[in-house]
1. Using only the Cα atoms of region B:11-71, build the gyration tensor, take square roots of its eigenvalues as a ≥ b ≥ c, and label the shape rounded, prolate or oblate: rounded if a/c is under 1.5, else prolate if a/b is larger than b/c, else oblate.
2. For chain A, give the magnitude of the charge dipole about the Cα centre (Cβ charges: +1 Lys/Arg, -1 Asp/Glu; no others), in debye to the nearest 20.
3. Would you work out which of B:THR82, B:GLY108, B:LEU46 lies farthest towards the positive end of the dipole of chain B, given +1 charges on the beta-carbon of Lys and Arg and -1 on that of Asp and Glu, about the Cα centre?
4. What are the radius of gyration and Dmax of region A:50-111, computed over its Cα atoms and given in Å?
5. When only Cα pairs under 8 Å and 6 or more residues apart are kept, what is the percent relative contact order across region A:29-112?
6. Once you've got the Cα coordinates, tell me which of A:LYS3/A:LYS68; B:LYS14/B:LYS41; B:LYS41/B:LYS66; A:LYS41/B:LYS41; B:LYS20/B:LYS55; B:LYS20/B:LYS64 are over 19 Å apart.
7. Any idea what log10 I(q)/I(0) is at q = 0.14, 0.17 Å⁻¹ for chain B, Debye with uniform C-alpha scatterers and no solvent?
8. Within region A:62-112, what whole-number % of the accessible surface is contributed by carbon and sulfur, with the 1.4 Å probe and all protein chains included in the calculation?
Amino acid sequence: ELKVEQNPLFLSMQEGKNYTIYCNYSTTSDRLYWYRQDPGKSLESLFVLLSNGAVKQEGRLMASLDTKARLSTLHITAAVHDLSATYFCAVELVFGNEKLTFGTGTRLTIIP
Amino acid sequence: GAVVSQHPSWVICKSGTSVKIECRSLDFQATTMFWYRQFPKQSLMLMATSNEGSKATYEQGVEKDKFLINHASLTLSTLTVTSAHPEDSSFYICSAAYTNTEAFFGQGTRLTVV
């Protein structure tokens with residue numbers, strides 16, 4: 001059974017600081033997603049990581065994937081209040097079937 | 001990205017009644033649709049996978065007679081919560097995908113059973 005764990009579960013940080021959210025998964029997979037969820041809303045797709053060593057960046061967010069370590073990271077640079085949200089990673093166990101197992105989520109609060 | 005529309009966005013129903021939630025892919029044909037449930041402050045849990053024209057595949061612990069899924073066309077899947085009870089109150093989210101692509105999520109339906 002695939003397990004996906006995120007660390008930390010809660011994160012409160014000041015504006016302007018950098019931090020990293022970690023996503024570990026238990027079974028080999030080559031496709032990993034990062035999503036953002038605002039309160040009461042559905043998911044917003046942030047990144048799709050398709051191969052070992054993949055790195056993607058959008059604004060203050062950067063995601064990477066190490067399939068050998070079964071680890072993905074979401075790095076936040078110079079955080080701003082607008083980034084406050086819950087962030088989920090999700091792993092696709094079988095390539096191409098689009099079935100996702102979600103991580104526990106990280107609730108990020110950016111303090112002015 | 002592609003657009004997936006879910007309806008209604010929220011619904012309140014009385015205990016014992018049934019409620020239907022629709023999930024439509026607006027600009028693509030979805031070979032597969034997924035239904036997730038999310039309780040407050042928790043992650044998303046997959047309930048079932050549906051493919052057009054075939055029976056849905058339910059995850060372990062999900063009652064197929066209680067959560068009826070119909071995927072009658074390549075653009076529409078429905079989830080019917082039958083004989084709803086307060087413990088079924090949750091946020092239900094669908095996603096849709098075509099072969100070997102990223103799945104796109106609907107806006108979610110908040111169900112409250114009173």
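1. On the way: a/c = 1.44, a/b = 1.39, b/c = 1.04.
The shape class here is rounded.
2. Details: 11 positive and 11 negative charges, 26 e Å.
Magnitude of the dipole: close to 120 debye.
3. B:THR82
4. Cα-based Rg and Dmax for region A:50-111 come out at 13.1, 39 Å.
5. Values: 173 pairs, mean separation 24.7, N = 84.
With pairs under 8 Å counted, the relative contact order is 29 percent.
6. Numbers: A:LYS3/A:LYS68 16 Å; B:LYS14/B:LYS41 24 Å; B:LYS41/B:LYS66 24 Å; A:LYS41/B:LYS41 12 Å; B:LYS20/B:LYS55 17 Å; B:LYS20/B:LYS64 14 Å.
Beyond 19 Å between Cα atoms: B:LYS14/B:LYS41; B:LYS41/B:LYS66.
7. -0.50, -0.75
8. Values: 1240 of 2030 Å².
Ligands and nucleic acids excluded, carbon and sulfur give 61 percent.
The values are calculated or read from the model by the stated rules, or taken from the named source; none is laboratory data. Please read these numbers as outputs of a predicted model, since none were measured by experiment. Methodologically, a virtual Cβ is constructed for each residue, glycine included, from the backbone with ideal geometry; neighbour enumeration extends over all protein chains shown. Note: accessible area is taken over every heavy atom of the protein model, side chains too, but ligands, DNA and RNA are not part of it. Shrake-Rupley method; radii C 1.70, N 1.55, O 1.52, S 1.80 Å.
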